1. With a sphere of radius 9 Å drawn around the Cβ of Gly198, what net charge do the other residues whose Cβ falls strictly inside it have (Lys, Arg +1; Asp, Glu -1)?
2. Which entries in Lys93/Lys200; Lys19/Lys99; Lys19/Lys93 show an alpha-carbon gap greater than 26 Å?
3. Could you order Phe23, Phe187, Phe10 by accessible surface area, starting with the largest, using a probe radius of 1.4 Å?
4. If ligands, DNA and RNA are left out, what is the accessible area of Lys144 with a 1.4 Å probe, given in Å² to the nearest 10?
5. Over region 1-125, calculate the relative contact order: mean separation of alpha carbon pairs under 8 Å at least 6 apart, over the residue count, as a percent.
6. Set the bar at 22 Å for Cα to Cα. Now go through Lys108/Lys270; Lys4/Lys270; Lys4/Lys38; Lys38/Lys205; Lys38/Lys108 and name every pair that lies beyond it.
7. Applying a 10 Å radius around every beta-carbon, put 169-182, 66-79, 48-61, 24-37 in order of their mean neighbour count, most first.
8. Could you give the distance between the Cα centres of region 1-80 and region 152-200, to the whole Å?
Amino acid sequence: MGQKVNPYGFRLGVTTDWKSRWFADREEYGDNVIGDWKIRDYLMGELPHAAISRIEIERTRDRLRVDVHTARPGIVIGRRGSEADRLRGGLAKITGNPKVQLNIQEIKQPELDAALIAQGVADQLSARVAFRRAMKRAVQNAQKAGAQGIQVMCSGRLGGSEMARTESYREGRVPRHTLRADIDYGFREARTTAGRIGVKVWLYKGDVLPYKAQSGDKIAREAAMAVGETSGGAAPTGQKRVVSSAAGRRRPPEAAATPEEPVEHEPLIKEADPELERLLAEEEEIERRVTEHHETPHFRPGDE
């Protein structure tokens, strides 16, 4: 079961919470579901390089709150909050609700976020980095950051081969059948010259006690929704810091550059230890020589 079901949906209501929080009757339910999909599709399309992990949506009466969890908040906020204002206007036009609250929450450790790890591997594959090197870099960085287990899987025409295949690397424990296990899951696609390559990441962070660790937070959210307010009034313990909920309140260093100047973003997956990088380079060189040696020669009529 754990190998065939999305780890997030498998634990929904047990150790994970909903990414869309609202209640609607039968007439409005379908419109809200389509509206949530349009919001996420709009933000992911407008911010392809913002390293967005997830987008949470909360609706209460006539208010709409959108939380964007990103590792690069400067791209989302923009210069003096101009990008945030543009996104807020686009969301108001899509939803037809002028009371849209856009919150940008910064992810301090992208090495412990499965979606961002998958995005980092996909970015390296698009930049023609060897898939084994990208996957082993992700595994080592996650272990250094404190993850108890990680599994990275890539599927597609790896290395530009004619036949698609699946390669996987795993270190530590990844108990996908255990409901109390805190397993983060992420999926991204890399667009390469040979086609799309899918990247899946399972990240095990330890066990949690269901219905106990989040009982206080859940009671506070239900009380806030009962009076018609969003649950973002009182930030629970351990919640990520809100960088900006309105235009121009805080401006990270990335937002200080002019629009004409391209900003150099730090890669989501950094280089591994020099020793591991040397071993990976040697493996790539050996594989290249073996492939060239065993490649079937192509003869044409008249060749000797």
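The values are calculated or read from the model by the stated rules, or taken from the named source; none is laboratory data. The shown structure was predicted, so the numbers you read here are calculated from the model rather than taken from an experiment. When we count neighbours, we look across all protein chains shown, and the Cβ atoms used for this are built from the backbone with ideal geometry, even at glycine. SASA here: full protein model, heavy atoms, side chains in, ligands and nucleic acids out. Shrake-Rupley method; radii C 1.70, N 1.55, O 1.52, S 1.80 Å.
1. On the way: positive: Arg188, Arg196, Lys200; negative: Glu189.
With Lys, Arg at +1 and Asp, Glu at -1, the neighbours total +2.
2. Over 26 Å Cα-Cα: Lys93/Lys200.
3. On the way: Phe23 190, Phe187 85, Phe10 60 Å².
Largest accessible area first, the list is Phe23, Phe187, Phe10.
4. Answer for Lys144: close to 130 Å² accessible.
5. Values: 137 pairs, mean separation 27.5, N = 125.
Relative contact order, region 1-125: 22 percent.
6. Numbers: Lys108/Lys270 15 Å; Lys4/Lys270 31 Å; Lys4/Lys38 27 Å; Lys38/Lys205 31 Å; Lys38/Lys108 27 Å.
As for pairs spanning more than 22 Å Cα to Cα, those are Lys4/Lys270; Lys4/Lys38; Lys38/Lys205; Lys38/Lys108.
7. Numbers: 169-182: 15.1, 66-79: 22.4, 48-61: 18.4, 24-37: 11.8.
Taking the mean over residues of other Cβ atoms within 10 Å, the ranking is 66-79, 48-61, 169-182, 24-37.
8. 23
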